[in-house]
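Step one of this worksheet: look at the structure below.
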Amino acid sequence: MLGAGYNPVATAAVKQRLSRKAQSRRISPTLVGNLFQVLDPVAVAVVGILVYVVYVNSKGNILESQYFATIFMGVFLASLLFHWFDAYADDCLFSRRLPIRRLLSGWAVAFAILLATAFALKISSSFSRIWVVTWFFGTASALIGCRLFLSHWIFQRIREGSITDCSVIIGAGVCGQRFAAHLKQIDDPRTNLLGFIDDRNSRVPVSDSGYDILGDMRHLLNMIRANMVDQVFIALPWNASERLASLVHQLALTPVRVCLVTEPLDFEFPNTTIKYSDKVPILQLFDRPLSGWSYMTKMIEDRLIAALILIFIAPLMIVIALAIKLDSPGPVFFRQRRYGFNNDLIAIWKFRTMYADRLDPGGAIQATRNDPRVTRLGRFLRKSSLDELPQFINVMLGNMSIVGPRPHPVELTSGGRQFEETVKRYAARHRVKPGITGWAQVNGWRGTTDTVEKIRKRVEHDLYYIDNWSIWFDFLIIIKTVFLILKDDDAY
């Protein structure tokens, strides 16, 4: 007998909900992703050929060799760079958020490479300038138009139930319930959860989850044969090894996708990946961030940008130093201990913005609006972030980056509690060097951290940056920082 949550007519209800028409016309989400990857390069080629026919050779003769080679290279480079810029990531293919910026960035970089190559080989004069300009802008328009059309088509098919993976969860226990709640929360249109499969009684009631127990393994195999199921999630405790092996052996004979929910780690550490050691799958919880070429790229980026900025702002820093000496007695610079890479203590440099006898080296008390400790000039420096300029020296010394999680003073607290006690993964921010600006700051989580929610949001954004770092991400943050400084009201 099945548990109390079993509904004997649930399978029939699911079958009725999945009409035969919808079952026969279902389109795999993987196929849709492949469709995008084919059509985007085709758009590059088609626009190049059409522009050639209209502007270069209206008689429609065969493409001249240099144009053929250029279009071929354009298609090849664009295909690589679209993947490089994550234009085919899941959050773009199956969401309302179109990857227009990613597509245009990939095409712009591909086109720039072609131009640089033509210039270096001294063959740029062999091409029609009208063809070159029209191909670039025509392809950009075609990419946007195709993506808008296909996105509209995809969501029509999703509403019809055509583009979806009909899924079930084996195991209606705690792990299965948590995973069902997770699927419901993320609301991924590619996954249509039908219900639970469970062949044991004394299960947790499933009425609260909104999904029924459809039956046992015999029912599941019948549903698979009836083409009602595309994907099976096994959500059982890890200590049930014999039962897991039995289920996997049965499902290995069926044409469905089988996934193991690695409870409880999937919910605690959602960004895990599978690695292989001599063909044995290993669950990798964390990778070393910014290693190998990423580390070298980041280091070159930091030192190069910091050196250029210091040369440019040197006269301004001299003026600020003189103004500080005239405004109030005391040193020009203020050094404060903060946590850096790998939790090491570093001394960061800032222009002094408080009266010399009211400095707070440990950072125990955060500055507030109209703080009496801040000098008249200090208010302006803090408001405009000019007090942070000496931190470019920290970047040159190698203990800070241009972009990264902002370092916090060692004695700073939130609600009277240390940040490590407030947010479980707070220390994970220190897996990379701290930065002068960061993803949290440009998203509004700048200024005082007087509530638990503020520090939690800051840590959440910092960890997202670490897990998704790229040089383009850094440039985006730097650009957003410039605009933020011009209109920010949270610095005082």
Which condition number in (1) touching a helix residue (DSSP H, G or I) at 6+ places or on another chain (Cβ under 9 Å); (2) modelled with pLDDT under 85 is the one that Val47 fails?
(2)
Tally of residues being closer than 17 Å to Val319 by Cβ and outside any helix (DSSP H, G or I) across the stretch 371-395
4
Kindly list, by first and then second residue, each pair from a residue in the stretch 347-359 that is farther than 20 Å from Ser384 by Cα and touching a residue at least 12 places away in the same chain (Cβ under 8 Å) to a residue that is assigned to a strand (DSSP E or B) and polar (S, T, N, Q), limited to pairs with Cβ atoms under 8 Å and residues at least 6 apart or on different chains.
Ala347/Gln336
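For the structure I just gave you, tell me whether Leu39 is at pLDDT 80 or above, in contact with an Asp or Glu (Cβ under 9 Å, 6 or more places away or on another chain) and either outside any loop (DSSP other than H, G, I, E, B) or not assigned by TED's automatic domain parsing to the domain that holds Phe136 (or both).
On the way: at pLDDT 80 or above: yes; in contact with an Asp or Glu (Cβ under 9 Å, 6 or more places away or on another chain): no; either outside any loop (DSSP other than H, G, I, E, B) or not assigned by TED's automatic domain parsing to the domain that holds Phe136 (or both): yes.
Criteria not met by Leu39.
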Could you list all residues from the stretch 312-369 that are out of contact with any Phe, Trp or Tyr (no Cβ under 7 Å at 6 or more places or on another chain), among the aliphatic types (A, V, I, L, M), in a helix (DSSP H, G or I) and at pLDDT 85 or above?
Ile313, Ala314, Leu316, Met317, Ile318, Val319, Ala321, Leu322, Ala323, Leu326
Could you check, for the stretch 440-454, whether at least one of its residues is under 19 Å from Tyr339 (Cβ atoms), assigned to a loop (DSSP other than H, G, I, E, B) and touching a strand residue (DSSP E or B) at 6+ places or on another chain (Cβ under 7 Å)?
yes
The number of residues in the stretch 239-294 that are at positive phi and either modelled with pLDDT of 75 or more or under 25 Å from the mean Cα position of the chain (by Cα) (or both) is 2
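Results for (1) farther than 24 Å from Ile123 by Cβ; (2) touching a Gly at 6+ places or on another chain (Cβ under 6 Å); (3) assigned to a helix (DSSP H, G or I); (4) at pLDDT 90 or above, shown as yes or no for each residue.
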{"site": "Tyr55", "(1), (2), (3), (4)": "no, no, yes, no"}
{"site": "Lys59", "(1), (2), (3), (4)": "no, no, no, no"}
{"site": "Ile62", "(1), (2), (3), (4)": "no, no, no, no"}
{"site": "Ala69", "(1), (2), (3), (4)": "no, no, yes, no"}
{"site": "Leu81", "(1), (2), (3), (4)": "no, yes, yes, no"}
{"site": "Asp86", "(1), (2), (3), (4)": "yes, no, no, no"}
{"site": "Leu103", "(1), (2), (3), (4)": "yes, no, yes, no"}
{"site": "Trp107", "(1), (2), (3), (4)": "no, no, yes, yes"}
Please give the number of the condition Leu31 fails out of (1) under 32 Å from the mean Cα position of the chain (by Cα); (2) modelled with pLDDT of 80 or more; (3) part of a helix (DSSP H, G or I).
(2)
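Looking at Thr139, is it outside the structural domain of Pro189 (by TED's automatic domain parsing), modelled with pLDDT of 80 or more and surrounded by 21 or more Cβ atoms within 10 Å (Cβ to Cβ)? Let's see the steps before the verdict.
Values: outside the structural domain of Pro189 (by TED's automatic domain parsing): yes; modelled with pLDDT of 80 or more: yes; surrounded by 21 or more Cβ atoms within 10 Å (Cβ to Cβ): yes.
The answer is yes for Thr139.
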What are the pairs, 6+ residues apart or on separate chains, where a residue within the stretch 469-485 that is closer than 17 Å to Ser294 by Cβ has its Cβ under 8 Å from a residue that is in a helix (DSSP H, G or I) and not charged (D, E, K, R)?
Trp469/Ser294; Ile471/Thr297; Trp472/Ser105; Phe473/Trp439; Phe473/Tyr465; Ile477/Trp439; Ile477/Val442; Ile477/Tyr465
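Take the stretch 183-218 and flag every residue that is under 20 Å from Val256 (Cβ atoms), part of a helix (DSSP H, G or I) and at pLDDT below 85. It would help to see each step written out before you state the result.
Within the stretch 183-218, the subset under 20 Å from Val256 (Cβ atoms) is 183, 188-199, 211-218.
Keeping just the survivors that are part of a helix (DSSP H, G or I) gives 183, 217-218.
Residue satisfying the conditions is Leu183 alone.
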Note on Arg446: of the conditions (1) at pLDDT below 80; (2) surrounded by fewer than 16 Cβ atoms within 10 Å (Cβ to Cβ), unmet is (2)
Kindly list, by first and then second residue, each pair from a residue in the stretch 293-311 that is over 11 Å from Val395 (Cβ atoms) to a residue that is in a helix (DSSP H, G or I), limited to pairs with Cβ atoms under 6 Å and residues at least 6 apart or on different chains.
Thr297/Ile471
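The values are calculated or read from the model by the stated rules, or taken from the named source; none is laboratory data. Keep in mind that what you see is a predicted model, and the values were worked out from it rather than measured. Positions of Cβ are generated from backbone atoms using ideal geometry, with glycine treated the same way; all protein chains shown enter the neighbour counts.
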